[in-house]
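The block underneath contains the structure these notes are about, expressed in C-alpha cells.
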Amino acid sequence: MKKSIKALAFVLLLSGAPLAANARQWTLQECISYALSNNISLQKTRVQHLSAIEDVKQSKAALLPSLSGSTSHNVSYNPWPETGSYTIAGSRVQSQVDKVFYNGSYGINANWTVWNGNRNRNQVKLNQMTADQAALDSAVTANTIQEQIAQLFVQILYSQEAVEVDKATLETSKKNEERGKEFVKVGNMSKADLAQLTAQRAQDEYNVVQAESTLKDYKRQLKQLLQITDQDEFDVVVPTTTDEMALQTIPTVPTVYDAALSYRPEIQNAQLGIKSSDLSIKIAKAQRMPTIGLSASASTSTTTMSSNAWSKQMKNNFVTGAGVTLSIPILDQRETKTAVNKAILQRQNYELDLRDKQTILYSTIENYWLQAYNNQAQFKSAKVSTESAQASYDLLQEQFKQNLKNVIELMNGKDALLKAKQAELQAKYLAIYNIDMLNFYKTGELK
C-alpha cells in the first residue's frame with residue numbers, strides 16, 4: 001500500500017513539473033504594461049475621458065447655426081359645412097369648403113445665437129478643461145496602479161526568498177532530528193530532547209507551508225490587479241538585487257517634492273480645477289448680458305380645397321422670413337447672483353483641494369524617505385546580526401555534534417539565525433522599494 005502511494009505521488013509530481021516549468025515569468029515592466037492596458041478601473045477613467053471629449057465636440061457644434069425641417073399633414077371632416085363660409089388654409093383664404101379636406105405644410109427653420117455674453121465660447125473652454133481633468137484622473141489611477149504593482153512585486157520577491165530561508169531552516173531541523181535519533185540510540189540524548197527536535201522540525205514545516213501560502217496570496221492579489229482570471233501558473237522574474245541597491249544614495253525630500261509638483265497629475269488636476277472655476281464665474285456673470293439671435297424660415301402649404309395644382313400651390317404659398325431677437329434679462333429671481341456666488345465658492349474649494357493634495361504629496365514623499373532611511377539603517381545592522389548569528393549557529397552545531405551543547409541551546413541559536421536572515425531580507429527589499437518609489441515620484445518612471 002505504501003509503495004502504491006509513493007508511486008502515485010511520484011506520478012503526480014512528474015505531471016505537475018511541466019506546468020511549473022511552463023509558468024510565464026512576469027517582469028515588473030510587463031506587469032505594469034499589462035495592467036495599464038487591462039485594468040478595469042483604469043479603463044473606466046478612460047471611458048470618462050472619452051465622454052468628456054464628446055461634450056467638447058458638442059459645445060463647439062453649439063457655436064454653429066441650427067437648421068431643422070418640418071412638415072405636417074392633416075385630414076379633416078366637416079359633415080355640415082356652412083354655405084358661403086370661408087376657411088384659412090395656410091396663409092390663404094379658401095372660399096370653397098368641402099366636407100372632407102386635406103391640408104399640408106412644409107417648412108425649414110434656422111436659428112443662430114450671435115452673442116450671449118460669450119457663454120457659449122467659454123463653455124467650450126470649460127468642457128475642454130473638464131476633458132483634460134478626466135485625462136489627468138486617468139493618469140492618477142495609472143500611477144496608483146503602478147505603485148500597487150511595485151509593492152506587490154516586492155512583497156512577492158521577499159516572500160520567495162523567505163520561503164527559501166524557511167526551507168533551508170527545515171532541512172537543518174531535519175538533520176538535527178536525525179542526529180538526535182542517533183544520539184538517543186547511543187544514549188547521549190533523552191527522548192524528551194528528541195521530542196523537542198521533532199516539534200521544532202514540525203514547526204518549521206508549518207512555517208514553510210505558511211510562507212508558501214503568503215506567497216500565493218500575494219501572487220493572487222497581483223493577478224487580480226492585472227485582471228487575469230485564468231488558471232495558468234503565475235510567477236514573476238526575480239531580478240538581480242544587490243546590497244548596493246539597498247545602500248544607494250537616498251534622494252532628499254525637497255528635491256523629490258519640487259520635481260513632483262511640476263508633473264504629478266493630481267497637482268495638475270487641482271490647478272486645472274481653479275482655472276475651470278474662473279471660467280464658471282465668467283459664464284455665470286454672462287447671464288446678466290443680453291442675448292442676440294438670428295432666425296430665418298421658409299414655408300409653403302397645400303390643400304384640397306384649392307382647385308390649383310399641387311405644384312402651383314407650393315409656389316403660390318411659398319413664404320420666407322428672417323428676424324433678429326434681442327433678449328435682455330431684467331429680473332431672474334436671483335438665479336444669476338446665486339450662480340456667480342456658487343462659482344466663486346467652487347473656486348475656493350479647488351484652492352483648498354490643491355493645498356490638500358500638495359500636503360498629501362509631501363507627506364507621501366516624506367514617508368517614503370523615512371522608510372528608506374530606516375530600512376537602509378536596519379539593513380546595515382541586520383547584515384552584521386546575520387553574520388554573527390550564522391557564526392554562532394555554526395559553532396553551536398559543531399558543539400552539538402560533540403554533545404557539548406543541549407537541544408535548547410541549539411534551537412535558540414537556530415531561531416536567532418532565522419530571525420536575523422528574515423530581518424535582513426525584509427530590510428533589504430523595503431529599502432530598495434522605498435528608494436525606487438522616491439525616484440518614481442521624482443522622475444515619473446518606475447524601474
| In whole Hz, what ³J(HN,Hα) sequence does the range 152-161 give by Karplus (6.51, -1.76, 1.60; θ = phi - 60°), x for Gly and Pro? | 5, 4, 5, 5, 5, 4, 5, 5, 4, 5
| task | For residue 342, list the lysines whose Cα falls under 28 Å from its own Cα; do not include residues on the same chain fewer than 8 positions away. | result | 57, 60, 125, 275, 282, 285, 357
| remark: From highest to lowest solvent-accessible area (probe 1.4 Å; ligands, DNA and RNA excluded), 50, 410 read 50, 410
| Counting only residues 5 or more places away or on other chains, whose amide H sits under 5 Å from the amide H of residue 26 once H atoms are built in the peptide plane? | 235, 236, 237
| said: Semi-axes of the equivalent ellipsoid for the range 358-447, please: Cα gyration tensor eigenvalues, times 5, square-rooted, ordered largest first, whole Å. | reply: 41, 10, 8
| message | Given a Förster distance of 25 Å, report the FRET efficiency between residue 292 and residue 109 from their Cβ-Cβ distance, rounded to the nearest 0.05. | response | 0.90
| request: Find the relative contact order for the chain and round it to a whole percent, using C-alpha pairs within less than 8 Å whose residues are 6+ positions apart. | output: 22
| said: Taking R0 as 45 Å, what FRET efficiency do you get between residue 274 and residue 209 from their Cβ-Cβ distance, rounded to the nearest 0.05? | reply: 0.25
| Which far-off residues, 5 or more places away or on another chain, put their amide H under 5 Å from the one on residue 78, with H placed in the peptide plane? | 100, 101
| query | So, with a 1.4 angstrom probe, what is the percent of accessible area on the chain that is carbon and sulfur? | reply | 55
| field | Potential lengthening between residue 184 and residue 316 on full extension [0.36 nm per residue; Cα-Cα distance subtracted] | value | 35.1 nm
| query | Say each of residue 419 and residue 309 gets a label point 7 Å from the Cα, pointing the same way as Cα to Cβ; how far apart are those two points in nm? | reply | 11.1
| request: Could you check the simple spin-label distance between residue 25 and residue 175, using points 7 Å along Cα→Cβ, in nm with one decimal? | output: 2.8
| Tilt of helix 191-225 relative to the longest C-alpha principal axis of the chain, in degrees (0 to 90, nearest 10)? | 20
| request: Read phi for every residue in the range 106-114 and hand back ³J(HN,Hα) as whole Hz from Karplus 6.51 cos²θ - 1.76 cosθ + 1.60, θ = phi - 60°, with x for Gly and Pro. | output: 9, x, 10, 10, 10, 9, 8, 7, 6
| note | Extension length gain for residue 66 and residue 221 (0.36 nm per residue less Cα distance), in nm, is 50.5 nm
| Å² per residue, accessible surface of the range 286-377 at 1.4 Å | 66
| Sequence-distant or interchain residues sharing an amide H contact under 5 Å with residue 305, placed H: which? | 102
| Based on the alpha-carbon gyration tensor of the range 187-267 and its eigenvalue square roots a ≥ b ≥ c, which shape applies: rounded if a/c is under 1.5, prolate if not and a/b is larger than b/c, or oblate? | oblate
| field | Charge context of residue 351, other residues only, Cβ under 12 angstrom, K/R +1, D/E -1 | value | +1
| request: Specify whether the C-alpha gyration tensor of the range 224-313 places it in the rounded, prolate or oblate class, a ≥ b ≥ c being the square roots of the eigenvalues: rounded for a/c under 1.5, otherwise prolate if a/b is larger than b/c and oblate if not. | output: oblate
| field | Residues of the range 168-193 with amide N under 12 Å of the 7 Å Cα→Cβ point at residue 406 | value | 190, 192-193
| request: Springs between alpha-carbon atoms under 10 Å, Gaussian network over the chain: tell me which of 127, 103, 38 tops the mean-square fluctuations. | output: 103
| query | Taking the Cβ-Cβ separation of residue 41 and residue 230 as r and a Förster radius of 30 Å, what is the calculated FRET efficiency to the nearest 0.05? | reply | 0.90
| query | Across 10 Å bins from the origin, how do the percents of Cα pairs in the range 307-363 run, short distances first? | reply | 16, 17, 14, 13, 13, 12, 9, 6, 1
| query | Taking the C-alpha atoms of the chain, how large are the radius of gyration and the largest Cα-Cα span, Dmax, in Å? | reply | 40.2, 140
| message | Which entries of 99/312; 44/337; 175/447; 185/428 have Cα-Cα distances beyond 32 Å here? | response | 44/337; 175/447; 185/428
| request: Taking the Cα atoms of the range 189-344, report the difference between the largest and smallest coordinate on each principal axis, in whole Å and largest first. | output: 128, 50, 35
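The values are calculated or read from the model by the stated rules, or taken from the named source; none is laboratory data. None of these values were measured; they are calculated from a predicted model. Quick reminder, even Gly has a Cβ in these numbers, built from the backbone with ideal geometry, and neighbours come from all protein chains shown. Each accessible area value is taken on the protein alone, full model and side chains, heavy atoms only, with ligands, DNA and RNA left out. Shrake-Rupley method; radii C 1.70, N 1.55, O 1.52, S 1.80 Å.
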